[in-house]
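Nothing in this text is a laboratory measurement; each read-out follows from the coordinates by a stated rule. What you see is a predicted model, and the numbers here were worked out from it, not measured in a lab. Positions of Cβ are generated from backbone atoms using ideal geometry, with glycine treated the same way; all protein chains shown enter the neighbour counts.
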């Protein structure tokens with residue numbers, strides 16, 4: 001299958017479906033990841049020396065760091081580097097504009113993906129909401145469309161689609177550890193990631209799982225739909 005995962009920021013895809021991405025890669029699926037921003041505002045600023053730089057230079061430095069972290073993490077999960085694209089929409093300023101919709105629509109035209117993953121629109125981070133709306137509009141003819149959860153997803157997220165990541169949870173944790181600029185954030189801790197996977201696994205009847213809301217499903221393969 002040809003898979004497209006869309007995230008608003010570096011680390012969103014890894015957090016929401018890192019195990020699923022690793023599973024797709026191991027199964028031989030062609031995996032593409034599109035990140036809409038470089039995450040230049042979501043940075044632990046005390047972890048990098050930015051003194052003496054202008055605000056513009058500091059933001060560029062921080063964005064470079066986060067972009068390279070997500071490229072390394074996604075590569076670790078099995079995504080080929082030439083299938084990772086990071087756009088430059090402003091962190092904390094992503095909106096469902098004509099420009100953004102056209103940028104994402106280009107991927108749908110070029111890839112014609114078999115399955116698409118994007119943020120759930122019920123989220124307290126406006127960038128995540130916007131990324132969801134942009135993807136849904138750009139991929140309105142997609143065959144398989146699934147929403148994933150993030151740490152800021154509302155509790156109204158009620159999954160009906162689970163992927164068994166029992167053999168990939170350690171891979172997901174390893175990938176997230178590559179986001180060193182985000183170290184210290186509670187949702188990046190190994191025990192939190194493992195506990196969430198165990199919770200979703202208990203709902204799906206397996207040890208570890210990732211959860212999704214299936215908007216449209218045409219094909220199913222090795223995935224449990226409840």
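Structure notes:
- In degrees, nearest ten, helix 55-77 long axis to first principal axis of the chain (Cα): 30 degrees
- Global geometry of region 90-153, whether rounded, prolate or oblate, following the gyration tensor of its Cα atoms and the 1.5 cut on a/c: oblate
- Packing-based order for 92-102, 112-122, 62-72, using average beta carbon neighbours within 10 Å, highest first: 112-122, 62-72, 92-102
- Listed peptides 3-10, 103-110 appear in the order 3-10, 103-110 once ranked by packing, highest mean of other Cβ atoms within 10 Å at the front.
- Scaled radius of gyration (Cα, divided by 2.2 N^0.38 Å) that region 64-115 gives: 1.30
- On Cα atoms only, tilt of 98-111 relative to the major axis of the chain in degrees: 50 degrees
- The ranking of 200, 2 by Cβ neighbour count inside 10 Å, starting from the fewest, reads 2, 200.
- For the chain, the longest principal axis of the alpha carbon atoms and the long axis of helix 126-138 meet at an angle near 50°.
- Taking other C-beta atoms within 10 angstrom as a stand-in for reagent exposure, 35, 169 fall in the order 169, 35, fewest first.
- Subtracting the Cα-Cα distance of residue 2 and residue 64 from 0.36 nm times their residue separation leaves 19.5 nm of extension gain.
- In terms of surrounding Cβ atoms within a 10 Å radius of their Cβ, 38, 81, 180 rank from fewest to most as 81, 180, 38.
- Beta bridges per DSSP, both residues in region 2-225: antiparallel share near 40 percent.
- Residue-averaged 222 nm ellipticity for the chain, from DSSP H runs of 4+ at -39500 (n - 2.57), nearest 500: -13000 deg cm²/dmol
- Pairwise alpha-carbon distances in the chain exceed 24 Å for 39% of all pairs.
- Cα coordinate range in region 130-216, projected on the principal axes (Å, largest first): 37, 33, 23
- Taken over region 1-43, the convex hull of the Cα atoms encloses 59 Å³ per residue.
- Spin-label pair residue 160-residue 102: with each label point 7 Å from Cα along the Cα-Cβ axis, the two points sit 3.6 nm from one another.
- Take each peptide in 189-195, 15-21, count the other Cβ atoms within 10 Å of every residue, and average; sorted highest first, the result is 15-21, 189-195.
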